[in-house]
Amino acid sequence: MKTLIYCENASFGYDGHAVVSDLNFSVAPGDYLCIAGENGSGKTTLIKGILGLSPPIKGSIVINCGNKGGETGYLSQQTAVRNDFPAGVAEIVLSGSIGTLGLRPFYSRKIKQQAEEAMRLLLIEDLKNQCYRELSGGQQRRVLIARALCAASKLLVLDEPAAGLDPLISLEVYELLKKINRETGITIIMVSHDVNAALKYANKILHLKNKQCFFGGAGEYADSGVGKEFLHNKTEVDDVR
């Protein structure tokens, strides 16, 4: 089985200054990797490296899937679709396939079928004719994930996909992502502060603190000193809130 992403002794940053370093990990087809760590630990910087937007300043990363041509889909925290955007759900989901159109001026039947399948997986088929701005926050997040899925035949990258959602809706989002991973075989890389969700849904955990502190299985992470400390700290913060 060909490795999808392989990172060796890599550092990523800006203007020659490393934000995150000493990265040695691999991602196989079908994996569900959660990238964990506190704010400022280098998670988003690494995501840019995985997307090919920022080359390593040291070491190497091999990415065996393209960011164009329908192989990689990406959902950032600050999505380009405003919450009051006056477009229909189906239109927004279809827009995820724009990068695959090439010189064609119209969506093909295959692309439309992919959009229908994405909406089915995200349980928003009944919303496809509704206006995006009329949806709830949870419904809007599902639409945006479906949009990213339309761009992904191999890899789906999500930066805090449940940010700002209440716990019940967050749980639904995580369940749907696991469903996508299981039913389609698409590899998922997710940045999340929700350690419990990471342990429940991901099969691999990469923990960063401006360097690689842990990489391995979810069970190993739960038993590790890094995992126990992070889970304890997050529990204390949640109790204060």
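Data for the structure
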{"quantity": "Residue within segment 155-178 that is among the basic types (Lys, Arg), within 16 Å of the chain's Cα centre (by Cα), farther than 14 Å from Gly37 by Cα and assigned by TED's automatic domain parsing to the domain that holds Leu46 present", "calculated": "yes"}
{"quantity": "Only one of Gln140, Gln113 that is touching a residue at least 40 places away in the same chain (Cβ under 8 Å) and farther than 26 Å from Gly40 by Cβ", "calculated": "Gln140"}
{"quantity": "Lone unmet requirement of (1) at pLDDT below 90; (2) part of a loop (DSSP other than H, G, I, E, B); (3) over 18 Å from the mean Cα position of the chain (by Cα) for Lys68", "calculated": "(3)"}
{"quantity": "Unique match (being farther than 27 Å from Glu91 by Cα and either surrounded by 15 or more Cβ atoms within 10 Å (Cβ to Cβ) or modelled with pLDDT of 90 or more (or both)) among Gly185, Gly216", "calculated": "Gly216"}
{"quantity": "Any chance Ile98 is modelled with pLDDT of 85 or more and β-branched (Val, Ile, Thr)", "calculated": "no"}
{"quantity": "Candidates Leu122, Leu135, filtered to the one that is free of Cβ contacts under 8 Å to residues at least 60 places away in the same chain and either crowded, with 22+ Cβ neighbours inside 10 Å or under 17 Å from the mean Cα position of the chain (by Cα) (or both)", "calculated": "Leu122"}
{"quantity": "From the options Leu46, Leu53, Leu23, Leu33, residue that is outside any strand (DSSP E or B), buried (at least 22 other Cβ atoms within 10 Å of the Cβ) and not assigned by TED's automatic domain parsing to the domain that holds Lys110", "calculated": "Leu46"}
{"quantity": "Matching residues in segment 24-39 - criterion: being closer than 18 Å to Ile63 by Cα and under 19 Å from the mean Cα position of the chain (by Cα)", "calculated": "Phe25, Ser26, Val27, Ala28, Pro29, Gly30, Asp31, Tyr32, Leu33, Cys34, Ile35"}
{"quantity": "Selection status of Ala146, surrounded by 15 or more Cβ atoms within 10 Å (Cβ to Cβ) and in contact with a Ser or Thr (Cβ under 8 Å, 6 or more places away or on another chain)", "calculated": "no"}
{"quantity": "Every pair of residues 6+ apart whose Cβ atoms lie under 6 Å, when the first sits in segment 148-163 and is in contact (Cβ under 8 Å) with a residue 60 or more places away in the chain and on the phi < 0 side of the Ramachandran plot while the second is part of a loop (DSSP other than H, G, I, E, B) and among the hydrophobic types (A, V, I, L, M, F, W, C)", "calculated": "Ala152/Ile186; Lys154/Cys65; Leu155/Cys65; Leu156/Ile186"}
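The values are calculated or read from the model by the stated rules, or taken from the named source; none is laboratory data. Small disclaimer: the values here were computed from a predicted structure and weren't measured. Reconstructed Cβ throughout: ideal geometry from the backbone, glycine too, with neighbour counts over all protein chains shown.
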